[in-house]
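> This structure is in structure tokens; I'll ask about it shortly.
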Amino acid sequence: MEKTLDTKFTYTEKSDTRSGFGDGLLEAGRKNPNVVGLCADLIGSLKMGAFQKEFPERFFQVGIAEANMMGLAAGMSINGKIPFTGTFANFSTGRVYDQIRQSIAYSEKNVKICASHAGLTLGEDGATHQILEDLGMMKMLPNMTVINPCDYNQTKAATMAIAEHHGPVYLRFGRPKWPIFTPSDQKFEIGKAWKMIEGTDVTIFATGHLVWEAVVAEAKLREEGISAEVINIHTIKPLDTEAILQSVAKTGCCVTAEEHQYNGGLGDSVAQTLVRNNPAPQEFVGVDDSFGESGTPTDLLEKYGLNADNIVKAAKKAIGRK
Amino acid sequence: MEKLSTEQLKKTASQVRRDILRMVHEVQSGHPGASLGCTEFFVALYFNQLNHNNDFKIEGKGEDLFFLSNGHISPVWYSVLARSGYFDTAELKTFRKINSRLQGHPATEEGLPGIRIASGSLGQGLSVAIGAAQAKKIDGDEGVVYALMGDGEQQEGQIWEAAMYAPHHKVDNLIATIDFNGQQIDGPTNVVMNLNDLKAKWEAFGWEVIDTLKGNDMESVLAGLEYARTLLGKGKPVLNLLHTEMGYGVDFMVGTHKWHGIAPSDEQLENALGQLEETLGDY
Ligand SMILES: Cc1ncc(C[n+]2csc(CCOP(=O)(O)OP(=O)(O)O)c2C)c(N)n1
Ligand SMILES: [Mg+2]
């Protein structure tokens, strides 16, 4: 069905965003000898094998010990190393929240927390592994930068960009093969939203895998004569409030779309921005206070209301509330 | 429940292995390696050792309780629960599919009989088992609490918090087992993060430690579990080091971490099933 749609962005290939991370880490490692890698028994899943192979003296297998890994990373950063930690998003956040809070965020350490298998699209492993609260936990921490790129190319660019940014960063990516629809030569600017598609009736603010769903939703809405603007919010924090306010000033309403709980996610951040400056109708596409479950990524996005069709519905609802 | 003889247990184990492989193959997802490696343990426990009712009540008052900390080996547990009557074996075919009670990692949310707590995030199950054992003591309940952990899982700090706690509080109605298969996701445990002398570590923490050297031999597993029970009630928790082989029972899966978490292809399944007698009827 997607194939026959006239989407403004297209793809010929799919890849997982975690491979974008792995390839970006390798390049960051080649550019900067201070980049070091740590992983908690998930080298294959995090695609850190190439970095490990090329820089064995700068790579540390820590075993299944995520709390220890966060402390080690904080310690390594003290003399100028730039540690990239790798494990699943659940074990990168909730599992080690206080270690991150005290030793990394509060202490302003230059640690890059790189988190794979985030959200429902992790699939069959089910709710224990499908974290839908991580953006909230991480954005609540002072000093923390929070990034959730949308495809392989953007994840690779983001990985290289955070190596050059000083300060704690949470980088969130995922497991499934996903369309590669952004350019391979993009420059990733932390904190700068990317207006991908211009529109006038409604703005769709999307992050992570749901940016692709937003691109599809725009085409579907266009077929029905509705003009949607699509903005890629790859950086949840610091949030590009200027881009958000400018767009909503024009369209008068918005939808936020993310693979996360309503509570604590991108939708929350956008709502706060609007309420404080220019209240406007907003609809949320996300998970409504529930855990996930086992299933295929496609089935799960459908069941939990996170695909393009749900964005289309939400957009119409937001327009109706203007 | 009626206790099965060793011969019956062996027959059951063969069927459970078939179930594991067919479940993981059907959905092309899940963890066959340590499920196969722990089959003798689960079968001996549920069909011979555990005093339990298959009319499931989450409180389990007066019963022995089992907690699985390394939740990724759910296939072996689900098969054994179904085969011992907790739910219909036909439900095994829903494993890891949407709207199933058989979640990728064990969960209570969908109400699957036999499960008392979610697991999957490693390192948490021993603490839960100790808590449950202490609750039994408060009630004067003579039931025994069992827990199973992985050996890679021993790298989690919480395990050692629990290891320190249980002897201090004389939790002597607890038998914890470690699936000592020497493997984890990224490779052999001694390459990933060496556990060194695990036995000495647990002894130093104050546990009564036994070795079950042949963890894939039904007689030995049963003897180990029986012996463990005789050590209860003497002021110390019991730790059973169960030496198993990951992937046991299928020649091309045995002894390697490569089958920790991948599914067999159609041909591989056929080959594997050819090595395992269908004793109780496939689901
Ligand atoms: C807290 C946590 N960290 C990481 C993982 C990912 N993970 C699942 S199984 C596993 C390896 C476990 O090794 P072991 O306990 O030896 O089990 P085996 O591979 O023998 O089945 C890892 C790292 C997890 N489930 N939970
Ligand atoms: Mg192991």
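Values quoted throughout were computed directly from the atomic coordinates according to the rules given, and no laboratory measurement underlies them. Predicted, not measured: the structure shown is a model, and the values here were computed from it. Don't worry about glycine lacking a Cβ; one is built from the backbone with ideal geometry, like all the others, and counts go over all protein chains shown.
> If you restrict to DSSP beta bridges whose two residues both lie in chain A, what percentage is antiparallel, to the nearest 5?
Taking every DSSP beta bridge with both residues in chain A, the antiparallel ones total about 20 percent.
> Which lysines does residue B:236 reach when only Cα atoms under 26 Å apart count, and residues fewer than 8 places away in its own chain are ignored?
B:61, B:136, B:137, B:170, B:199, B:201, B:214
> What translational diffusion coefficient, to the nearest whole µm²/s, does chain B have by Stokes-Einstein, given a Kirkwood radius computed over alpha-carbon pairs, a temperature of 25 °C and 0.890 mPa s viscosity?
The calculation lands on 132 µm²/s.
> Run the simple label-point estimate for residue A:186 and residue A:223 please: 7 Å along Cα→C-beta, distance reported in nm.
The modelled label-to-label distance comes out at 2.5 nm.
> Another question about this same structure. Can you show me the helix-derived [θ] at 222 nm for chain A, built from DSSP H runs with n ≥ 4 at -39,500 (n - 2.57) apiece and divided by the number of residues, rounded to the nearest 500. Intermediate results must be reported in sequence, preceding the final value.
Working: 12 runs with 117 residues, N = 322.
After summing the helix terms and dividing by residue count, I get -10500 deg cm²/dmol.
> Around residue A:51, under 15 Å between beta carbons, what's the net of Lys plus Arg minus Asp minus Glu among the other residues?
Working: positive: A:18, A:30, A:31, A:47, A:53, A:58, A:81, A:112, A:156; negative: A:23, A:27, A:54, A:57, B:186.
Charge balance near residue A:51 sits at +4.
> Sort A:221, B:122, B:276 so the one with the fewest other Cβ atoms within 10 Å of its own Cβ comes first.
Placing the least packed residue first, the sequence is B:276, A:221, B:122.
> Could I ask something else about it? Using the Karplus equation 6.51 cos²θ - 1.76 cosθ + 1.60 (θ = phi - 60°), what ³J(HN,Hα) coupling, rounded to whole Hz, does each residue of the range A:129-145 give in order, writing x for Gly and Pro?
Here the 3J(HN,Hα) series is 9, 8, 6, 10, 10, 5, 4, x, 4, 6, 6, 6, 7, x, 6, 8, 9 Hz.
> Between the DSSP loop rule and a limit of at most 12 other Cβ atoms within 10 Å, which trypsin sites (Lys or Arg not before Pro) in the range A:16-78 are left? Let's see the in-between values first.
Numbers: sites: A:18, A:30, A:31, A:47, A:53, A:58; in loops: A:47.
Passing both the DSSP loop test and the Cβ count: no residue.
> Same structure, new question: Considering only C-alpha atoms, what is the centroid distance from the range B:129-192 to the range A:1-63, in Å?
35 Å
> Select from A:257, B:5, A:34 the residue farthest towards the positive end of the dipole of the protein assembly as shown; place +1 on Cβ of Lys and Arg, -1 on Cβ of Asp and Glu, and compute about the Cα centre.
Looking along the dipole axis, the top candidate is A:34.
> Just need the relative contact order of the range A:24-157 here, percent rounded to a whole number, with Cα pairs under 8 Å and 6+ apart.
22 percent
> Given 10 °C and 1.306 mPa s, compute D for the range B:178-283 with the Stokes-Einstein relation, Rh being the Kirkwood radius over Cα pairs; round to the nearest whole µm²/s. If you can, show how the numbers build up before the last one.
Values: Rh = 16.0 Å.
Answer from the Stokes-Einstein relation: 99 µm²/s.
> Provide, for q = 0.10, 0.13, 0.14, 0.16 Å⁻¹, the log10 of I(q)/I(0) from a solvent-free Debye sum over equal Cα point scatterers in chain A.
Values, matching the q order: -0.52, -0.87, -1.01, -1.29.
> Could you compute the FRET efficiency for residue B:211 and residue B:191, with r as their C-beta to C-beta distance and R0 at 22 Å, rounded to 0.05?
0.45
> Let me ask another. Looking at B:238, B:206, B:222, which one has the Cα that reaches farthest to the positive end of the dipole of the range B:147-283 (charges on Cβ: Lys, Arg +1; Asp, Glu -1)?
B:206
> Going by amide H atoms built from the backbone, whose H comes under 5 Å of the H on residue B:150, apart from near neighbours?
Answer set, sorted by chain and number: B:70, B:179.
> With chain B treated as a Gaussian network of Cα nodes joined by springs under 10 Å, which of B:267, B:156, B:110 yields the largest mean-square fluctuation?
Ranking B:267, B:156, B:110 by mean-square fluctuation puts B:267 first.
> Loop only per DSSP, at most 16 neighbouring Cβ atoms within 10 Å: give me the chymotrypsin sites (Phe, Trp or Tyr not before Pro) in the range B:233-263, ordered by residue number. It would help to have the intermediate numbers written out before the result.
Numbers: sites: B:248, B:252, B:259; in loops: B:248, B:252.
Answer by residue number: B:252.
> About its Cα centre, how strong a charge dipole does chain B have in debye, to the nearest 20, once Lys and Arg get +1 and Asp and Glu get -1 at the Cβ?
The dipole of chain B has a size of about 420 debye.
> May I ask you to sort A:182, B:230, B:108, A:241 by Cβ crowding, counting other Cβ atoms within 10 Å and putting the fewest first?
If I rank by nearby Cβ atoms, fewest first, I get B:230, B:108, A:241, A:182.
> While we're on this one: Enumerate the amide H contacts of residue B:262 below 5 Å, restricted to partners 5 or more residues apart or on another chain; note that Pro and chain-start residues carry no placed amide H.
It is B:33, by chain and number.
> Can you tell me the alpha carbon radius of gyration of the range A:182-319 divided by the globular rule-of-thumb value 2.2 N^0.38 Å? Intermediate results must be reported in sequence, preceding the final value.
Numbers: Rg = 14.0 Å, N = 138, 2.2 N^0.38 = 14.3 Å.
Cα Rg divided by the expected 2.2 N^0.38 Å: 0.98.
> Hey, another quick one. If you keep only loop residues by DSSP, which trypsin sites (Lys or Arg not before Pro) in the range A:135-191 have at most 13 other Cβ atoms within 10 Å of their Cβ?
A:187
> What distance in nm separates the simple spin-label points at residue B:280 and residue A:54, each placed 7 Å from Cα in the Cβ direction?
Those two pseudo-labels are separated by 5.2 nm.
> Nearest-5 percent of antiparallel DSSP beta bridges in the protein assembly as shown?
Values: 10 of 65 bridges.
That works out to approximately 15 percent antiparallel.
> Something else: Note down the nm distance, to one decimal, between modelled labels 7 Å out along Cα→Cβ at residue A:322 and at residue A:290.
Between residue A:322 and residue A:290, the label points sit 3.1 nm apart.
> Now for a different question. Write down the percent of antiparallel bridges among all DSSP beta bridges whose residues are both part of the range A:14-179, to the nearest 5.
Numbers: 3 of 23 bridges.
Here the share of antiparallel DSSP bridges comes out near 15 percent.
> Same structure again: List the lysines whose Cα sits under 24 Å from the Cα of residue A:317, skipping any in the same chain fewer than 8 residues away.
In chain and number order, the partners are A:8, A:195, A:220, A:250, A:303.
> How would the range A:36-168 be classified by its alpha-carbon gyration tensor: rounded, prolate or oblate, with rounded meaning a/c under 1.5 and the a/b versus b/c comparison settling the rest?
Verdict is rounded for the range A:36-168.
> Considering amide H positions built from the backbone, and no H for Pro or chain starts, which residues 5 or more places from residue A:87, or on another chain, come under 5 Å of its amide H?
A:114, A:116
> Kindly state, to the nearest 0.05, the FRET efficiency for residue B:99 paired with residue B:265, given R0 = 30 Å and r defined as their beta-carbon distance.
According to the calculation, E is roughly 0.70.
> If you average the sequence gap of Cα pairs under 8 Å that are 6 or more apart and divide by the length of the range A:200-318, what percent do you get for the contact order?
31 percent.
> Mind checking the dipole of the range B:127-200: about its Cα centre, +1 per Lys or Arg Cβ, -1 per Asp or Glu Cβ, Debye to the nearest 20? Please report the intermediate quantities before stating the final value.
Numbers: 4 positive and 11 negative charges, 39 e Å.
Computed about the Cα centre, the dipole is about 180 debye.
> Based solely on its DSSP helices, what 222 nm [θ] is calculated for chain B when runs of n ≥ 4 H residues each add -39,500 (n - 2.57) and the sum is averaged over all residues, nearest 500 deg cm²/dmol? It would help to have the intermediate numbers written out before the result.
Values: 10 runs with 103 residues, N = 283.
Helices in chain B give a 222 nm mean residue ellipticity of -11000 deg cm²/dmol.
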